[in-house]
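Structure first, commentary second.
The values are calculated or read from the model by the stated rules, or taken from the named source; none is laboratory data. Keep in mind that what you see is a predicted model, and the values were worked out from it rather than measured. All Cβ positions, glycine included, derive from the backbone under ideal geometry; neighbour counts span all protein chains shown.
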Amino acid sequence: MNKKPIRVLVVDDEPQMRRSIRASLAARGYNVDEFRSGEEAVSAVREQPADLILLDINMPGIGGIEACRQIRAVSPGAGIVMITVRETEDDTVEALEAGADDYLTKPFRVRELLARIGALVRRARAETDASRQVICAGKLELDVTHRILRKAGEQIHLSPIEFNLLEFLMQHLEIPLDHGRLLRTIWGPEYGHELEYLRTYIRLLRRKIEDDPAKPEYILTEPWLGYRFRDPSAPGAAPASVSAVSRTV
């Protein structure tokens, strides 16, 4: 733990849920503030940055998804975990597209919550210590130092997780990376079997970097294994095989 306590915002319209989470986190040294609406949370982040935000999706007012978008715009480096009462692919995609880093489904165990928070804290520290470099492939230019992606000179917005995933893929050019390794590296050692997390982020990345997401040239699927990043402009680049292109998940 850093000398400066990590500030966590617990945003939920259920007082009992807020108190329970706050007690668990405070007991482990986190600096916790409670808020009952998305509006209150957005206002709080604008006044004082937070390291982590636990944000319930279903709340009166602007709701968790819109609050997530506004918080991400104000605080691009903060960790955001969405909390939902149902786990569907549509909910997951909507939360991730709004800028969330992770999500939890109620009811959840304190141990699970702490594991997710711990993973976000470790990722934030790793980003702070990241070496200065720019990685180029095809039309893409990934500025690791300033955490900026450009395609053909045009800047493309990436969420923190999207950036970390793309960086790891680009650092392992033409190397097949299995699902488990990607999950453990990007989400943390507690992960390894949450394939829908990975598939969702791959879809999001392809929408942003591929000319035709249905026929990817950069992020290729390795059937039954994982993914491989390819530089289509490199001399002698490995081909985008029919199986890899056709299986885009």
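Is at least one residue of region 71-80 outside any helix (DSSP H, G or I), among the aliphatic types (A, V, I, L, M) and within 21 Å of the chain's Cα centre (by Cα)?
There is at least one residue in region 71-80 that is outside any helix (DSSP H, G or I), among the aliphatic types (A, V, I, L, M) and within 21 Å of the chain's Cα centre (by Cα).
Of all residues being in a loop (DSSP other than H, G, I, E, B) and among the aliphatic types (A, V, I, L, M) in region 52-67, which is farthest from residue 14 (Cα to Cα)? Just the residue, please.
Per the stated criteria, the residue is 62.
Any idea which residue in region 5-46 is nearest to residue 120 (Cα to Cα), counting only those that are aliphatic (A, V, I, L, M) and part of a loop (DSSP other than H, G, I, E, B)?
6
Testing residue 148 on (1) at pLDDT 85 or above; (2) surrounded by fewer than 18 Cβ atoms within 10 Å (Cβ to Cβ); (3) more than 18 Å from the chain's Cα centre (by Cα); (4) not charged (D, E, K, R), one condition comes back false. Which one is that?
Unmet for residue 148, out of (1) at pLDDT 85 or above; (2) surrounded by fewer than 18 Cβ atoms within 10 Å (Cβ to Cβ); (3) more than 18 Å from the chain's Cα centre (by Cα); (4) not charged (D, E, K, R): (3).
Would you check which residues across region 70-85 are modelled with pLDDT under 85 and within 20 Å of residue 114 (Cα to Cα) and list them?
Within region 70-85, 77, 84, 85 qualify.
Please find, within region 180-223, the residue that is nearest to residue 102 (Cα to Cα) out of those that are crowded, with 20+ Cβ neighbours inside 10 Å and β-branched (Val, Ile, Thr).
186
Just the residues that are out of contact with any helix residue (DSSP H, G or I) (no Cβ under 6 Å at 6 or more places or on another chain) and in contact (Cβ under 8 Å) with a residue 60 or more places away in the chain, please, taken from region 216-229.
Matches in region 216-229: 217 only.
In region 172-221, how many are among the polar types (S, T, N, Q) and part of a helix (DSSP H, G or I)? Before you say what the answer is, go through the steps one by one.
The first filter runs over region 172-221 and keeps only residues among the polar types (S, T, N, Q), leaving 185, 200, 221.
Remaining after also requiring part of a helix (DSSP H, G or I): 185, 200.
Qualifying residue count, region 172-221: 2.
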